[in-house]
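Structure first, commentary second.
The values are calculated or read from the model by the stated rules, or taken from the named source; none is laboratory data. Worth saying up front: this structure is predicted, and the values here are computed from it rather than measured. With ideal geometry, Cβ positions are generated from the backbone for all residues, glycine too; neighbour counts draw on all protein chains shown. For accessibility, only protein heavy atoms count, side chains too; no ligands or nucleic acids. Shrake-Rupley method; radii C 1.70, N 1.55, O 1.52, S 1.80 Å.
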Amino acid sequence: MSSLVAKKQVVTEKLKAFLPAGFEVMVADLLFENPVSFKIVPPRSTKLGDFRAGINGEKHQITVNGDLNPYAFLITTLHEFAHLQTYVQYGRFVKPHGEEWKATFRELLLPAIDSKLLPMDVTNALVRSLSSTKASSCSDVQLSRVLKQYDKPKEGIVLLESLPKNTTFVLQGKHFVKGDLRRKRYLCDELATQKKYLIHALSEVKPI
Ligand SMILES: [Zn+2]
């Protein structure tokens, strides 16, 4: 067995812990076909993953949060590979989530959709996301909402959007009162300062 095949087997085995069953070979193939440093990292609250173009001959880098549920891990990984492949093909002068990125993401997603290995609600959310004419972003709210349902429930924690108006809740140690929806965020009052904050509808908060 060649050392490359052996290496790939090790990577494929490692990926199993993070991905839905049946996707480890697909992702291992991507890792070996694209020159990239792929890191599974401790969770960051501001993003699920990211792509950084290597400069001066450095390798490109993709990071993905290690605490994502398997479906979110897969979609985030494909999202970041779409950034990588778009960068390799078109360079830095196209929009981050423009037509080129969308077409690349679609190509990466289609085998996942066609595999029939994903739950129906995830598949439907992906198809909707692909056919949406709106500009995509790193955070497609409809898709995130579906993916979040597969997170392990955390004691006492709910999504802000599930709380009734005027509920008091805690987020990052501060107390807020939920107000009205403005696009994707709720206008909330911080109790201590009476300042207003726009907090994302899918933030994980603790009602009190
Ligand atoms: Zn993105």
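Quick look at the numbers
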read-out	value
Members of region 95-120 that are more than 16 Å from the ligand (Cβ to nearest atom), of a type outside the set (Val, Ile, Thr) and out of contact with any Phe, Trp or Tyr (no Cβ under 8 Å at 6 or more places or on another chain)	Leu110, Pro111, Asp114, Lys116, Met120
Test result for Leu84, modelled with pLDDT of 95 or more, open to solvent by less than 10 Å² (accessible area, probe 1.4 Å) and part of a helix (DSSP H, G or I)	yes
Some residue of region 186-200 being more than 18 Å from Tyr71 (Cβ to Cβ) and either under 18 Å from the mean Cα position of the chain (by Cα) or modelled with pLDDT under 90 (or both)	yes
Any hit, region 61-71, residues being at pLDDT 95 or above, in contact with a Leu (Cβ under 6 Å, 6 or more places away or on another chain), assigned to a helix (DSSP H, G or I) and not charged (D, E, K, R)	yes
Number of the condition not met by Pro153 [criteria: (1) assigned by TED's automatic domain parsing to the domain that holds Phe18; (2) modelled with pLDDT under 90; (3) away from the ligand (no atom under 15 Å from the Cβ)]	(1)
Criterion (more than 16 Å from the ligand (Cβ to nearest atom), surrounded by fewer than 16 Cβ atoms within 10 Å (Cβ to Cβ) and at pLDDT 95 or above) met by exactly one of Glu24, Glu13	Glu13
Any hit, region 40-49, residues being at pLDDT 95 or above and either in a strand (DSSP E or B) or under 11 Å from the mean Cα position of the chain (by Cα) (or both)	yes
Residue that is assigned by TED's automatic domain parsing to the domain that holds Leu143, touching a strand residue (DSSP E or B) at 6+ places or on another chain (Cβ under 6 Å) and surrounded by fewer than 15 Cβ atoms within 10 Å (Cβ to Cβ), where the choices are Gly54, Gly49	Gly54
Scope region 16-43; condition free of Cβ contacts under 8 Å to residues at least 12 places away in the same chain and under 14 Å from His60 (Cα atoms); matching residues	Glu33
Positions within region 69-94 being touching a Ser or Thr at 6+ places or on another chain (Cβ under 6 Å) and away from the ligand (no atom under 11 Å from the Cβ), in sequence order	Gln85
